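Single-structure report; data block below.
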Amino acid sequence: MSNRGRFYITTPIYYPNAEPHLGHVYTTICADVLARYHRLVGEDTWFLTGTDEHGIKMVKTAESQNTTPAELVEKNVPIFESLWKELNISNDDFIRTTSARHKQGVEAIVRRMLDSGDIYLGSYEGWYDEGQEEFVTETEAKANEYKSAVSGRPLVRYKEPSYFFKLKKYAPRVLEHIQSQADFIQPEARRNEVISKLSAGVEDLSISRSSLKWGIPLPNDPQHVIYVWIDALSNYITAMGYGQADDALYQRYWPGVHLIGKEILWFHTVYWSAMLMSIGQPLPRQVYAHGWWTAEGRKMSKSMGNFIDLGKLRGVIGDYGLDALRYYLLRAAPFGNDLDWTETDFNKAFKELSDVLGNCLNRIVKMVGRYRGGVLPAAHEPVEEIDRNLQAQTEMLPQRLAGSYGRVELQQCAMLPIELARATNGYIDATEPFKLAKDPAKAARLETVLNLSAQAIYRSLLGLLAILPEKAAAGLRQLGVELEGRTMEQLLSMPLPPGLQLGEGQPLFPRVEKPA
Ligand code: ME8
């Protein structure tokens, strides 16, 4: 086992009320990039995703399709599971909230909340957003003309007996935690939103539904099912064995990092923290809320024809490759900001891969092939200032990446290695190895240029392994490097050795005739 510490990363568990789309793919790919990076640097890593299968939203969708919620989930959950395989997502587990292990864990959690004296019977009357599965206060409901702030659909009036969780009791401690742990909620602006909403005060939380049958029964009163968010948030620890016979994974990996969309930050920081306090367990290490995708400047919608669904994503992957999609998604905006899918930006991102990264690698492999029979030459003293600049950038990349990954600046993580490839192209243009090759007196200089360029593109490719797992590995093979499960530390401790036989030069990102 590694002595580098542990890293547990989760995505939201998605509602399988329909097929996954760009939003689900985005969060899952971002989490995958983080998981891959942390594994590469030698951390003991666990990556969880899954599906959130209970609640009124599933019931209503099933009704509208003349089916049952149980049949609906059996139809859609396999689509999520097989999509993650198709997209080469490296999750270690997939949790379903209808599974026996999850139910057992949730029951244990609710029993502990009951034991803490934090649950009491009352009656709920108020507004509910059935798409978001969220209780809405009168003030918020009025401000949004009694419509969902997220979907715009009308809110529904609920009136029924319900058990309540003493959220008010925990709110001051949750606020204190959020304020004192600057990293707990990221990015900063979102943290401030939660702080101001929480400072305004909260009500106790209705956590059971007596009129709903599709859910996990409340252990002390099975006429009620548990509120879907209490059920869903629990997944992050039930999947690790919490409240079950074998909780070794929980002991090993909790607390984890939750990657989510901004619309569910409140649940993850306020409800979830209070629940964990009630059962006496540590709070998550971090909750990172990323932004929302629009398409061509407008909210994605089926009726407007700009919905980025699975079909569209598969088309892009078919034309440009999975790694190009991964790069584009990360590259599209500073991580945390809202993002907009546009053909122009996609083409720009693809050009960076083909014209900057791919072209740089190809030039180097071809030149070493042509001028030195494919055998990497050594660099020679004295080196010039231009060499030292490239060397410095090459050497700094792993450290800069570690900083960016640590701060979850995923756009930077994608761009930094490309910037090094861009600098390497500039270096080749300026040093003109094609001219040096014509002059036997400049043989040593040529070798220095070839060596330093190769070292630079080598590091750039290593730096992209988490983002472009297939293409970076393919590029490294062209440089004569096999990964063989080596950690980043092992790879970085060895620059490319002179005498290394490089492979065949082939375009990493061949041009695509068809526009995106
Ligand atoms: O909320 N842009 O599930 P969900 C970016 N089951 N990300 C998007 C997006 C968009 N336009 N649309 C969706 C749920 N997402 C609950 C979660 S967790 C204990 C329970 C992503 O199927 C983003 O990660 O509605 C968002 O938080 C998630 O999908 C919502 O998925």
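The values are calculated or read from the model by the stated rules, or taken from the named source; none is laboratory data. Because the structure is predicted, anything quoted here is derived from the model rather than measured. Ideal geometry is used to build each Cβ from the backbone, glycine not excepted, and the neighbour counts take in all protein chains shown. Side chains included, ligands, DNA and RNA excluded: accessible areas come from the protein's heavy atoms. Shrake-Rupley method; radii C 1.70, N 1.55, O 1.52, S 1.80 Å.
Residues being over 25 Å from the mean Cα position of the chain (by Cα), over 20 Å from Asn88 (Cα atoms) and among the polar types (S, T, N, Q) are entirely absent from the range 458-476. Among the residues of the range 16-49, the ones that are within 10 Å of the ligand (Cβ to nearest atom) and not polar (S, T, N, Q) come to 11 in all.
To keep it simple, each residue is scored yes or no on (1) under 30 Å from Gly336 (Cα atoms); (2) outside any helix (DSSP H, G or I); (3) open to solvent by 40 Å² or more (accessible area, probe 1.4 Å).
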{"residue": "Arg422", "(1), (2), (3)": "yes, no, yes"}
{"residue": "Asn425", "(1), (2), (3)": "no, no, no"}
{"residue": "Phe434", "(1), (2), (3)": "no, no, yes"}
{"residue": "Arg445", "(1), (2), (3)": "no, no, yes"}
{"residue": "Asn451", "(1), (2), (3)": "no, no, no"}
{"residue": "Gln455", "(1), (2), (3)": "no, no, no"}
{"residue": "Ser460", "(1), (2), (3)": "yes, no, no"}
{"residue": "Glu482", "(1), (2), (3)": "no, yes, yes"}
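Count of the range 3-15 residues, restricted to those that are more than 8 Å from the ligand (Cβ to nearest atom) and open to solvent by less than 20 Å² (accessible area, probe 1.4 Å), is 4.
Among residues of the range 3-29 that are free of Cβ contacts under 8 Å to residues at least 60 places away in the same chain and within 29 Å of Ala248 (Cα to Cα), those with a beta-carbon under 7 Å from a residue that is more than 8 Å from the ligand (Cβ to nearest atom) and open to solvent by 10 Å² or more (accessible area, probe 1.4 Å) at least six positions away or on a different chain give the pairs Arg4/Val41; Arg4/Gly42; Arg4/Glu43; Gly5/Glu43; Tyr15/Lys57. List the number of the failed condition for Tyr236; all other conditions in (1) buried (at least 23 other Cβ atoms within 10 Å of the Cβ); (2) of a type in the set (Ser, Thr, Tyr); (3) assigned to a loop (DSSP other than H, G, I, E, B) hold. Looking at each condition in turn, Tyr236 falls short on (3). Restricting Trp229, Trp266, Trp272 to residues that are farther than 23 Å from Glu125 by Cβ and within 13 Å of the ligand (Cβ to nearest atom) narrows the list to Trp272. Applying the criterion of being open to solvent by less than 70 Å² (accessible area, probe 1.4 Å) and on the phi > 0 side of the Ramachandran plot to the residues of the range 127-159, the residue that is nearest to the chain's Cα centre (by Cα) is Glu133. For the range 379-387, the criterion of a residue being open to solvent by less than 10 Å² (accessible area, probe 1.4 Å) and on the phi < 0 side of the Ramachandran plot is satisfied by at least one position.
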